[in-house]
Amino acid sequence: MRYYVSSGFGKVYTLRINPGEDLLQEIENFIEQTNLKYGAILTGLATFKECTLHMVTTTGYPAVEHFETWNDKPLELSAISGVIADGVPHIHMVVSDKDYAYSGHCEPGCVVLYLCEIVIAEIIDGNFKRIKNEHGLNQLVGINEDEIIL
């Protein structure tokens, strides 16, 4: 295990993402507009008319991923969380229809149906980034770390 200490939270932003807009694209736009380097996606709520999540389907390496896509299907965002490391968001979420809940990594193509509100907290003095490890997976490392310690 590795851990990275920061000074705490700075500004807390509440985003309203409008109908027809893409969740991930708008979060990336927000990060660029505000020059946010480090943050935590704390909570959110939304409805989607389109959505794509990816999840792993194996327990060994290389990881095999499955991409699940819904088009013209109403979904509720039940949970969202993530880390923004060196300006790059990594977001996981749970969406549901009237019968089932689905969880996975947020991909482009999660288009807002009625409403979307996301809360993001800035992390002060963040000192981490993601680099690919020996298995090709993006892993958090300290800004000054030369190599990944597994």
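The values are calculated or read from the model by the stated rules, or taken from the named source; none is laboratory data. As the structure is a computational prediction, the values presented were derived from the model and not from experiment. Cβ sites come from the backbone with ideal geometry, for glycine too, and all protein chains shown count toward neighbours. These accessible areas exclude ligands, DNA and RNA; they are computed on the full protein's heavy atoms, side chains included. Shrake-Rupley method; radii C 1.70, N 1.55, O 1.52, S 1.80 Å.
A few points about this structure:
- Residue tally, condition over 18 Å from Asp99 (Cβ atoms) and within 16 Å of the chain's Cα centre (by Cα), over the stretch 56-82: 5
- Within the stretch 96-124, if we keep just the residues that are acidic (Asp, Glu) and touching a Lys or Arg at 6+ places or on another chain (Cβ under 8 Å), the residue that is farthest from Glu68 (Cα to Cα) turns out to be Glu122.
- Residue satisfying all of: in the stretch 3-34; touching a Gly at 6+ places or on another chain (Cβ under 7 Å) and not in a strand (DSSP E or B); most open to solvent (accessible area, probe 1.4 Å) among these: Tyr4
Rundown of residues vs (1) within 12 Å of the chain's Cα centre (by Cα); (2) open to solvent by 60 Å² or more (accessible area, probe 1.4 Å); (3) closer than 20 Å to Gly39 by Cβ, yes/no style:
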site	(1), (2), (3)
Pro89	yes, no, yes
Val95	no, no, no
Cys106	yes, no, yes
Tyr114	no, yes, no
Ile131	no, no, yes
His135	no, yes, no
Leu140	no, yes, yes
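- Matching residues in the stretch 37-82 - criterion: being among the aliphatic types (A, V, I, L, M) and in contact with a Cys (Cβ under 7 Å, 6 or more places away or on another chain): Ala46, Leu53, Leu75
- Taken over the stretch 99-133, the criterion of being of a type in the set (S, T, N, Q) and at pLDDT 95 or above is satisfied by Ser103 alone.
- Applying the condition of being in contact with a Pro (Cβ under 9 Å, 6 or more places away or on another chain) and free of Cβ contacts under 8 Å to residues at least 40 places away in the same chain to the stretch 85-115 and asking which residue is nearest to Asn29 (Cα to Cα) yields Asp97.
- Verdict on Tyr61 being closer than 30 Å to Glu134 by Cα and aromatic (Phe, Trp, Tyr): yes
- Counting the residues of the stretch 35-79 that are surrounded by fewer than 14 Cβ atoms within 10 Å (Cβ to Cβ), modelled with pLDDT of 95 or more and not in a strand (DSSP E or B) gives 1.
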